[in-house]
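Participant: Have a look at this one.
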Amino acid sequence: MSIPASRQRTLQALTTFLNTPLEALIPPPTSSTDRVLDLFQQVARTVPAYQRFLQHQGIDPTRIQTLADFQTLPLTTKDNYLRHFPLAQLCREGKLEACDMIAVSSGSTGQPTFWPRFITDEYQIATRFEQIFADSFAADRKRTLAVVCFALGTWVGGMYTANCCRHLASKGYPLTVITPGNNKAEILRVVQALGADFEQVVLLGYPPFLKDVIDTGLTEGVPWPQYNVKWVMAGEVFSEAWRDLVGTRLGSTRACFDSASLYGTADAGVLGNETPLSICIRRFLADHPQIATDLFGEARLPTLVQYDPNSRYFEVTETGTLLFSGDNGIPLIRYHISDQGGLIPYEQMLTFLRDHGFDAATKVQSEATAALHQSGTPPLRPLPFVYVFGRSHFTVSFFGANIYPENVTVGLEQPDICDWVTGKFVMQVQTDADQNSHLVIQVELAPGERTSPEREQAITQSIRQQLQRLNSEFAHYVPDEYQTPQVYLHPHGDTRYFPVGVKHRYTQPEHSQPEEQP
């Protein structure tokens, strides 16, 4: 009897993952061009939706033979590709049943987006977790409790993270996983009940939620330093001051080796991850803002990670937004994720820093020997860097949930309220002096209308109700005590937020501390 194709795929991928050392799972990126061309040809042959997409564009896939050819292919997006074809047609051979799991993320209208995947897709993402757990936390030889603090259920982050951590345990890591999800009381309970049985505890969740867990634990007497806590984050840009504050409260002493952030999307899992080297570089740049501006072209500090171009092939558009190609349950070719950012080759990054008086490689190696308590040279993986400022379209990320203008607009369109306002507003995520994040919404009053505490309260409640109703990520990811936005009403034409005659933007960059409000 022949072995089903799905079983063959699983056995081959599992055997490769379990039997291949991390060093061999991250080969030099010299073969990435051939890999992305091979991926394109495979997708063009096997994915019905992409076949039709190319046909509509008048493209013969057999003529795409070089990287220059590949770079002429049209971009794919949610609108022109994912939402344009039935879900099954986006999968190989048009078979949704060939994927063994479907996750969910919210879209701008509140309608869920479905992301099918097969277990083999998780193994390549598990390699990103293995980089962190081995290179940063020495979890390949330390008894480790991984506490998954992402929302569970159908949501992308929680189940993906739990599965990837279990794959590491299957590979032989002394790693045990527990999944309290984003239940704060349960997280604190399991850490105190189980933490002492392990050499270290790793918390995995969205940055502001993890901070809330840590702060709540302190008020309840949780002895965080006793558990040798590490933490893994995803979803949001944070400052190095934030990392220092959280580290201080946990008793962290090695900033580059006690935490790591993942750059991921619902579309394709983890695209890149912080490494001790990337953190070391980012901390230097945080202390030298002019050098950071020279490097990134903007006076703000992005997320900085390293990525494996053999797994996710990145490009940058002329407008400074990122594209990637990668294999998944829904394979994606030149997919435009609307993240502002850029790419920096490994040697170019180190050379730039040396030219500015900073030897990043030597610095992180010296810290690694002390942090990991080992002799010899810790791994410095020559992977390229991707930096990410955030979504270029009008969204903000709050506790890992994308907040869309469309959701807020509905809150301003309710009876009575709509007569007070113009419909213009600005969303921001602001960080207070204690490094807690808050969703702040500046709202423009209609001509002749005045602000009042009663009106601010009514608009605040209306926006919260509509966010809960329309945005399932907001309802599930954001703790209840942070779901009420801070709303401020401004006169019509206020030049700070609503200048007359200028194209309106619904978001503004985060402020380190809230501005003084009227």
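The values are calculated or read from the model by the stated rules, or taken from the named source; none is laboratory data. Everything quoted here is computed from the prediction, not taken from an experiment. All Cβ positions, even for glycine, are placed from backbone atoms using ideal geometry, and neighbour counts span all protein chains on display. Only protein heavy atoms, including side chains, enter the accessible area calculation; ligands, DNA and RNA are left aside. Shrake-Rupley method; radii C 1.70, N 1.55, O 1.52, S 1.80 Å.
Participant: Polar (S, T, N, Q) and modelled with pLDDT of 95 or more - does that describe any residue in region 38-45?
Facilitator: yes
Participant: Let me confirm something: among A24, A49, A44, which residue is among the small types (G, A, S) and exposed (fewer than 13 other Cβ atoms within 10 Å of the Cβ)?
Facilitator: The match here is A24.
Participant: Give me the residue from region 470-498 that is over 20 Å from P207 (Cα atoms), of a type outside the set (A, V, I, L, M, F, W, C) and not in a loop (DSSP other than H, G, I, E, B) and, out of that set, least open to solvent (accessible area, probe 1.4 Å).
Facilitator: H490
Participant: Looking at the structure I just gave you, is E274 at pLDDT 95 or above, of a type in the set (D, E), under 30 Å from T46 (Cα atoms) and open to solvent by less than 50 Å² (accessible area, probe 1.4 Å)? Reasoning before the result, please.
Facilitator: On the way: at pLDDT 95 or above: yes; of a type in the set (D, E): yes; under 30 Å from T46 (Cα atoms): no; open to solvent by less than 50 Å² (accessible area, probe 1.4 Å): yes.
Criteria not met by E274.
Participant: Would you confirm whether or not region 73-80 contains a residue that is in contact with a Cys (Cβ under 9 Å, 6 or more places away or on another chain) and at pLDDT 95 or above? Talk me through it step by step, then tell me what you get.
Facilitator: First, the residues of region 73-80 that are in contact with a Cys (Cβ under 9 Å, 6 or more places away or on another chain): none.
Within region 73-80, not a single residue is in contact with a Cys (Cβ under 9 Å, 6 or more places away or on another chain) and at pLDDT 95 or above.
Participant: So, one more: For region 142-162, give me the residue count where each residue is modelled with pLDDT of 95 or more and over 17 Å from the mean Cα position of the chain (by Cα).
Facilitator: So the answer is 6.
Participant: In region 118-141, which residue that is in a loop (DSSP other than H, G, I, E, B) and over 25 Å from M101 (Cα atoms) is nearest to the chain's Cα centre (by Cα)?
Facilitator: Step by step, filter region 118-141, then rank; the result is F137.
Participant: Cβ-Cβ under 7 Å, sequence separation 6+ or interchain: first residue in region 260-272 and on the phi < 0 side of the Ramachandran plot and in contact (Cβ under 8 Å) with a residue 40 or more places away in the chain, partner open to solvent by less than 10 Å² (accessible area, probe 1.4 Å) and in a loop (DSSP other than H, G, I, E, B). Which pairs?
Facilitator: Listed by first residue and then by second, the contacts come to A260/E274; S261/E274.
Participant: Further question on the same structure: Only one of these is modelled with pLDDT of 90 or more, assigned to a helix (DSSP H, G or I), over 30 Å from D197 (Cβ atoms) and not polar (S, T, N, Q): F284, F257. Name it.
Facilitator: From the options F284, F257, the qualifying one is F284.
Participant: Can you pull out the residues in region 88-108 that are touching a residue at least 60 places away in the same chain (Cβ under 8 Å) and closer than 12 Å to P48 by Cβ?
Facilitator: L90, C91, R92
Participant: If you don't mind, there's one more thing I want to ask. In region 182-192, is there at least one residue being within 23 Å of the chain's Cα centre (by Cα), of a type in the set (S, T, N, Q) and not in a helix (DSSP H, G or I)?
Facilitator: Yes: region 182-192 contains one or more residues that are within 23 Å of the chain's Cα centre (by Cα), of a type in the set (S, T, N, Q) and not in a helix (DSSP H, G or I).
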